[in-house]
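Right, one structure below, let's go through it.
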């Protein structure tokens, strides 16, 4: 069984094996899965908003990453019936100022998913943990550790 690894500010679309979004701290990992087509997409977002200009890397910001990954999975013929999981948004340096960006990224991701009519089925955000998301595409199971 093959593995597809998604690191910070990256994305991947896979149709078999394991799709892993790794080392999710303050950022937010998102997995979108179609059980009908057996296709999964993962993205690791690091900031809430890119501002008015289009970003060089759309995977970095929630406001550009969600539309981007939806377009990528739609290129594979998936139009609806998504299962959505999110993880991350940890407060790694306590609750002070700039170091507590995690909740802002979580809020931005949730807002973008809602704008696109997508409901989150699995949400493990907040706290202080570094997480990994694993989608077993063949079995249709998502785990967050």
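The values are calculated or read from the model by the stated rules, or taken from the named source; none is laboratory data. This structure is a prediction, so every number in the text was calculated from the model and none was measured. Here the Cβ positions follow ideal geometry from the backbone for every residue, glycine too, while neighbour counts run over all protein chains shown.
The table that follows gives values for the structure above.
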quantity: Test: residue in segment 90-105 that is in contact with a strand residue (DSSP E or B) (Cβ under 7 Å, 6 or more places away or on another chain) and under 24 Å from residue 14 (Cα atoms); calculated: no
quantity: Residue that is nearest to residue 121 (Cα to Cα) [pool: residues in segment 23-45 that are touching a strand residue (DSSP E or B) at 6+ places or on another chain (Cβ under 7 Å) and part of a loop (DSSP other than H, G, I, E, B)]; calculated: 35
quantity: Hey, residue 105 touching a residue at least 40 places away in the same chain (Cβ under 8 Å), assigned to a helix (DSSP H, G or I) and closer than 16 Å to residue 23 by Cβ or not; calculated: yes
quantity: Positions within segment 118-138 being in contact with a helix residue (DSSP H, G or I) (Cβ under 9 Å, 6 or more places away or on another chain) and under 19 Å from residue 13 (Cα atoms), in sequence order; calculated: 118, 120
quantity: Failed item in (1) outside any loop (DSSP other than H, G, I, E, B); (2) out of contact with any helix residue (DSSP H, G or I) (no Cβ under 8 Å at 6 or more places or on another chain); (3) surrounded by fewer than 20 Cβ atoms within 10 Å (Cβ to Cβ), with residue 79 passing the rest; calculated: (1)
quantity: Checklist (1) at pLDDT 95 or above; (2) closer than 15 Å to residue 8 by Cβ applied to residue 33, failing item; calculated: (2)
quantity: Subset of segment 122-145 [loosely packed, with under 13 Cβ neighbours inside 10 Å and either in contact (Cβ under 8 Å) with a residue 40 or more places away in the chain or more than 20 Å from residue 22 (Cβ to Cβ) (or both)]; calculated: 138
quantity: Residue 69 being outside any strand (DSSP E or B), in contact with a strand residue (DSSP E or B) (Cβ under 6 Å, 6 or more places away or on another chain), under 19 Å from residue 9 (Cα atoms) and modelled with pLDDT under 95; calculated: no
